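For reference, the structure is listed below as structure tokens.
The values are calculated or read from the model by the stated rules, or taken from the named source; none is laboratory data. Values in this document were obtained by computation on a predicted structure and should not be read as measured data. Counting neighbours? That spans all protein chains shown, and the Cβs are built from the backbone with ideal geometry, glycine included.
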Amino acid sequence: MVVSHNSIDGRSSFVILDKFLSILADIVEGKAKSVSSLVWGGEIKRLPPAGVFTTAVALAELAEGGSLPSQLAEISSAPIAPAYIPKGKKDDVYTQEDEYKQDTQSIPGPPTLVPWMFPLVRTGHKGDVSRRLTFTRDLTSKLHAVAKAHGRTITQVVTALSVLAHSETTLKVAGGVSASRFHEVASTFSHSTHYLVAWNFINHRNKFLGGYDVYGKEKCAPLCSTNGVPLFLSMNSVRSMLTLDETHQSAGRTLDMDAFWNGLVKETADGWRATDTSLEGYAIREAAMQASLDAFNPHMLDVPSIVVSSIGDLGRLNLLSRFLPSPDHTKPLVVHDVVCGIRIRTPPVMNLLYQYDGRLSCHFYTASEFNTAETLKLMTDAFEEWTAALVQ
């Protein structure tokens, strides 16, 4: 099933797949309704609306109920809510800001914030590259257990692991290019204040009002019901776990559990907590982004970073449960594995994660114009190794 990401999000794609397979299973089992019994003529009313439509409905209902946020009174000038930024040390501020102004000018945040940025290098290739990791049930269970023991979610832990893997790979790849390139990247690594997680997707479908939170009804939920926010994590936490090796032009690992749990993971959780994920927050971000379309810059994501999109546990979402493999092999239709992907043409590496049948999958995507297949393998290998060390 291939659909434009402008029209559907990852979780909704599994909803549609579940519906399709349910119809197919009914046909295979001889339980399908006769076509003659279907009521025709109401299909258009049940078509999923665009997200901008449900945003307008939400604004109208909030206004009618007297709870329209004041930020939306003049939305044409309303800025997108700034991301949560953990405090960094003033002496960590990189002084050569003008040199990297072109790369950081689209990054939100106060003037004193210096995200880890450096000039991008193009590979000469076109297209995208991807690599999927699917953990065993045992490793998935251990990762859930260690996250729960620290009061954190899988998404928060995976975000922190992705930051470490991306940072380590970035330094190693730079060292493999030349001494000058390593010095350039390592210098900004040492003197920047924050790591930018370019985008974190948030699903809002369950918050829509007036019946727009479900599918198959006359008022249908939109197939794309997400937006998101950036996160800024302190580079002090990253530097506590990655040591520059100037001699070999590489980076060494330090398994600093305090820096991981009380630094990277906590800052990720704090960033989410500081984000308004209510219906009002969704409406503010959507309306502000709609108002900013005239100034849209397709290169706004041309930054060395990661993007995280967590679809969730399909079992807990009650998706595809009917098609799980069974010990007695009596089901006429079985889904042994699922893959959800995205074509990406921007430098950030996206980690698209989801769980099916007790196994967590992390599917990494990036543009081959900026990252090679070898680079992505280095990153996913590092991600696996950091994960294994975490659950030991």
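Among L301, L314, which is within 21 Å of C224 (Cβ to Cβ) and modelled with pLDDT of 95 or more?
L314
Would you pick out the residues in region 324-336 that are closer than 30 Å to A367 by Cα and either touching a Ser or Thr at 6+ places or on another chain (Cβ under 8 Å) or surrounded by 14 or more Cβ atoms within 10 Å (Cβ to Cβ) (or both)? Before you say what the answer is, go through the steps one by one.
Kept after step one, since they are closer than 30 Å to A367 by Cα, are these residues of region 324-336: 335-336.
Result: V335, single match.
Answer with yes or no whether G65 is surrounded by 13 or more Cβ atoms within 10 Å (Cβ to Cβ), closer than 21 Å to N206 by Cα, of a type outside the set (V, I, T) and at pLDDT below 85.
No; evaluated as a whole, the condition is false for this residue.
Does H299 satisfy the condition of being of a type outside the set (S, T, Y), more than 30 Å from A60 (Cβ to Cβ) and within 18 Å of the chain's Cα centre (by Cα)? Before you say what the answer is, go through the steps one by one.
Working: of a type outside the set (S, T, Y): yes; more than 30 Å from A60 (Cβ to Cβ): yes; within 18 Å of the chain's Cα centre (by Cα): no.
So H299 fails the test.
For region 228-241, give me each residue that is surrounded by fewer than 21 Cβ atoms within 10 Å (Cβ to Cβ) and in contact with a strand residue (DSSP E or B) (Cβ under 7 Å, 6 or more places away or on another chain).
If the condition is that a residue be surrounded by fewer than 21 Cβ atoms within 10 Å (Cβ to Cβ) and in contact with a strand residue (DSSP E or B) (Cβ under 7 Å, 6 or more places away or on another chain), then G228 is the only one that fits.
Select from region 138-179 the residues that are closer than 15 Å to R253 by Cα and of a type in the set (A, V, I, L, M, F, W, C) and list them in ascending order.
Those that are closer than 15 Å to R253 by Cα and of a type in the set (A, V, I, L, M, F, W, C): A160, L161, V163, L164, A165, L171.
Condition check ((1) among the acidic types (D, E); (2) over 16 Å from the mean Cα position of the chain (by Cα); (3) part of a helix (DSSP H, G or I)) across all residues:
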| position | (1), (2), (3) |
| --- | --- |
| H336 | no, yes, no |
| I342 | no, no, no |
| L352 | no, no, no |
| H363 | no, no, no |
| F370 | no, yes, no |
| L376 | no, yes, yes |
| D381 | yes, yes, yes |
| T387 | no, yes, yes |
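Those residues that are touching a strand residue (DSSP E or B) at 6+ places or on another chain (Cβ under 7 Å), of a type in the set (D, E, K, R) and farther than 30 Å from I23 by Cα, I need them from region 334-392; list them, please.
R345, K377, E384 - these are the residues of region 334-392 that are touching a strand residue (DSSP E or B) at 6+ places or on another chain (Cβ under 7 Å), of a type in the set (D, E, K, R) and farther than 30 Å from I23 by Cα.
If you scan region 141-171, which residues turn out to be of a type in the set (D, E, K, R) and over 17 Å from S305 (Cβ atoms)?
Once the filter is applied, which keeps residues that are of a type in the set (D, E, K, R) and over 17 Å from S305 (Cβ atoms), region 141-171 yields K142, K148, R152.
Would you confirm, using the coordinates I've provided, whether L301 is assigned to a loop (DSSP other than H, G, I, E, B), of a type outside the set (V, I, T) and closer than 19 Å to F201 by Cα? Quick ask: steps written out before the conclusion?
Working: assigned to a loop (DSSP other than H, G, I, E, B): yes; of a type outside the set (V, I, T): yes; closer than 19 Å to F201 by Cα: yes.
Spelling it out, L301 is indeed assigned to a loop (DSSP other than H, G, I, E, B), of a type outside the set (V, I, T) and closer than 19 Å to F201 by Cα.
Residue check: is D256 surrounded by fewer than 22 Cβ atoms within 10 Å (Cβ to Cβ) and within 30 Å of D313 (Cβ to Cβ)?
yes
Just checking, how many residues over region 124-156 are at pLDDT 95 or above and either assigned to a loop (DSSP other than H, G, I, E, B) or basic (K, R) (or both)?
11
Having 2 or more residues that are within 22 Å of M350 (Cα to Cα) is the bar; report the strands (runs of 3 or more DSSP E) wholly within region 167-285 that clear it.
Here the list reads 194-203, 226-234.
Scan region 173-180 and tell me whether some residue there is modelled with pLDDT of 95 or more, within 19 Å of the chain's Cα centre (by Cα) and not small (G, A, S).
The answer is no, given that none of the residues of region 173-180 is modelled with pLDDT of 95 or more, within 19 Å of the chain's Cα centre (by Cα) and not small (G, A, S).
To keep it simple, each residue is scored yes or no on (1) touching a Gly at 6+ places or on another chain (Cβ under 8 Å); (2) of a type in the set (D, E); (3) at pLDDT 95 or above.
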{"site": "D245", "(1), (2), (3)": "yes, yes, no"}
{"site": "E267", "(1), (2), (3)": "no, yes, yes"}
{"site": "T275", "(1), (2), (3)": "yes, no, no"}
{"site": "Y282", "(1), (2), (3)": "no, no, no"}
{"site": "A288", "(1), (2), (3)": "no, no, no"}
{"site": "V307", "(1), (2), (3)": "no, no, yes"}
{"site": "S321", "(1), (2), (3)": "yes, no, yes"}
{"site": "P327", "(1), (2), (3)": "no, no, no"}
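Contact list please: Cβ distance under 9 Å, first residue in region 283-306 and in contact (Cβ under 8 Å) with a residue 60 or more places away in the chain and within 12 Å of L196 (Cβ to Cβ), second residue acidic (D, E) and not in a loop (DSSP other than H, G, I, E, B), pairs at least six apart or on different chains.
Sorted first by the residue in region 283-306, then by its partner, the pairs are V303/D103; P304/D103.
Quick one: how many residues across region 335-392 are of a type in the set (S, T, N, Q), at pLDDT below 95 and either touching a helix residue (DSSP H, G or I) at 6+ places or on another chain (Cβ under 7 Å) or over 22 Å from W261 (Cβ atoms) (or both)?
Here is the first cut: in region 335-392, the ones of a type in the set (S, T, N, Q) are 346, 351, 355, 361, 366, 368, 371-372, 375, 380, 387, 392.
Now narrow it down to the ones that are at pLDDT below 95: 346, 392.
The next check asks that each one be either touching a helix residue (DSSP H, G or I) at 6+ places or on another chain (Cβ under 7 Å) or over 22 Å from W261 (Cβ atoms) (or both); those that pass are 346.
Result for region 335-392: 1.
Got at least one residue in region 301-323 being surrounded by fewer than 14 Cβ atoms within 10 Å (Cβ to Cβ) and under 30 Å from T123 (Cβ atoms)?
Looking through region 301-323, none of the residues is surrounded by fewer than 14 Cβ atoms within 10 Å (Cβ to Cβ) and under 30 Å from T123 (Cβ atoms).
Within region 1-58, track down each residue that is modelled with pLDDT of 90 or more, within 25 Å of G228 (Cα to Cα) and outside any helix (DSSP H, G or I).
Once the filter is applied, which keeps residues that are modelled with pLDDT of 90 or more, within 25 Å of G228 (Cα to Cα) and outside any helix (DSSP H, G or I), region 1-58 yields only D9.
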